[in-house]
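Just below is one structure, and these are the notes that go with it.
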Amino acid sequence: MTVNKTGFEIFHKDPLWEKLPESFWEYCASHGRIRQFAAKQFLFFTGEEGNYVYFLLKGRVQILLMSEFTEKIFRILQAPAFFPEVIFDSKVYPYAVITTETSEVFVLERRILLQYLKENPSDLWPFYQNMALDLRRAYRQIKNIALGDARSRLGAKIFALAHVHGQETDEGINITIPLSATDLAGMCSLARESVSRILGELKDLGILKIEKKLITVLSLEQLQEWIHDRQNSL
């Protein structure tokens, strides 16, 4: 089933992907298909054969690290996004992906993408850049978890969420993803009680406003200073 290549317009406007030639998107459109996913629907699970790659056209998805008894949110992706970034080793998926809202995803067999890239190696660059960016984010997250205390870890995660998923309002930066204390605890490897206590502290300081699961950063500068103070005291 083919799709209209205009489905990739959001990628055309993204600095990371805009240099890919139109022939690449035409190739994808002729070999893959768009799929609609409802909220809370899995695209794939950890350990499954990695036979497909995904271009997120609309909506958001969560990357989950899963074990037999637990799962943690590693990252949240919004369109445009390509995953999994580890496409070149032909191994199983290293994580699971679930939608957080109604989403539109273009699905392509990995072997077909790899065939194109082998024949057009100059088009590899955006994929390498995407992988390098994801690796840097992973290193930053590992650093925050390994070296930061609970406050600096949570503060850094909220700052990153505001940067990637934030929307400017009259009050400040509204994080457009509903997030519970449990969600944030999973992202930062913290106890939910610790997250609730720290969120209360940030509210009392006038740095955050929280209504149900919606977080508004009232001052990014104050949040950044608060994070630095925590890190410098370690």
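The values are calculated or read from the model by the stated rules, or taken from the named source; none is laboratory data. This one's a predicted model, so the numbers in the text were calculated from it and none came from an experiment. Don't worry about glycine lacking a Cβ; one is built from the backbone with ideal geometry, like all the others, and counts go over all protein chains shown. These accessible areas exclude ligands, DNA and RNA; they are computed on the full protein's heavy atoms, side chains included. Shrake-Rupley method; radii C 1.70, N 1.55, O 1.52, S 1.80 Å.
Residue-wise test of (1) more than 22 Å from the chain's Cα centre (by Cα); (2) over 29 Å from Phe55 (Cβ atoms).
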position	(1), (2)
Lys143	no, yes
Arg153	no, yes
Lys157	no, no
His163	no, no
Glu168	no, no
Ala185	no, yes
Ile198	yes, yes
Lys213	no, no
Val217	no, yes
Check your understanding: Somewhere in the stretch 212-228, is a residue open to solvent by 50 Å² or more (accessible area, probe 1.4 Å), in contact with a helix residue (DSSP H, G or I) (Cβ under 8 Å, 6 or more places away or on another chain) and in contact (Cβ under 8 Å) with a residue 60 or more places away in the chain?
Key -> yes
Exercise for review: Could you please find all residues in the stretch 156-210 being open to solvent by less than 30 Å² (accessible area, probe 1.4 Å) and in contact with a His (Cβ under 7 Å, 6 or more places away or on another chain)?
Suggested key: Ile175, Ile177
Exercise for review: Output yes when any residue across the stretch 130-146 is without any contact (Cβ under 8 Å) to a residue 12 or more places away in the chain, more than 28 Å from Arg230 (Cα to Cα) and open to solvent by 70 Å² or more (accessible area, probe 1.4 Å), and no when none is.
Suggested key: no
Practice item. Go through the stretch 100-132 and give me each residue that's β-branched (Val, Ile, Thr) and in a helix (DSSP H, G or I). Key: Ile112
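For the stretch 1-27, name all the residues that are hydroxyl-bearing (Ser, Thr, Tyr) and either assigned to a strand (DSSP E or B) or in contact with a strand residue (DSSP E or B) (Cβ under 8 Å, 6 or more places away or on another chain) (or both).
Of all residues in the stretch 1-27, those hydroxyl-bearing (Ser, Thr, Tyr) come to 2, 6, 23, 27.
Thr2, the sole residue that qualifies.
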Exercise for review: Output the residues belonging to the stretch 89-99 that are out of contact with any Asp or Glu (no Cβ under 9 Å at 6 or more places or on another chain), buried (at least 19 other Cβ atoms within 10 Å of the Cβ) and assigned to a loop (DSSP other than H, G, I, E, B).
Suggested key: Tyr95
Review point. Between residues in the stretch 27-43 that are over 16 Å from Leu57 (Cα atoms) and residues that are aromatic (Phe, Trp, Tyr), which pairs lie under 8 Å by C-beta distance while being six or more apart or on different chains?
Key: Tyr27/Tyr116
Revision key, fill the gap. Of the residues in the stretch 28-86, those that are part of a helix (DSSP H, G or I) and surrounded by fewer than 14 Cβ atoms within 10 Å (Cβ to Cβ) come to Ser30
Point to revise | For Leu117: the one exception among (1) touching a residue at least 24 places away in the same chain (Cβ under 8 Å); (2) in contact with a Leu (Cβ under 8 Å, 6 or more places away or on another chain) | key: (1)
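Kindly provide the set of residues from the stretch 147-161 that are within 16 Å of Ile76 (Cβ to Cβ) and either touching a residue at least 24 places away in the same chain (Cβ under 8 Å) or touching a Cys at 6+ places or on another chain (Cβ under 6 Å) (or both), ordered by number.
Step one: list which residues in the stretch 147-161 are within 16 Å of Ile76 (Cβ to Cβ), which gives 154, 156-161.
Once the filter is applied, which keeps residues that are within 16 Å of Ile76 (Cβ to Cβ) and either touching a residue at least 24 places away in the same chain (Cβ under 8 Å) or touching a Cys at 6+ places or on another chain (Cβ under 6 Å) (or both), the stretch 147-161 yields Leu154, Ala156, Lys157, Ile158, Phe159, Leu161.
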Practice item. From (1) within 21 Å of Val164 (Cα to Cα); (2) without any contact (Cβ under 8 Å) to a residue 24 or more places away in the chain, pick out the condition that doesn't hold for Leu202. Key: (2)
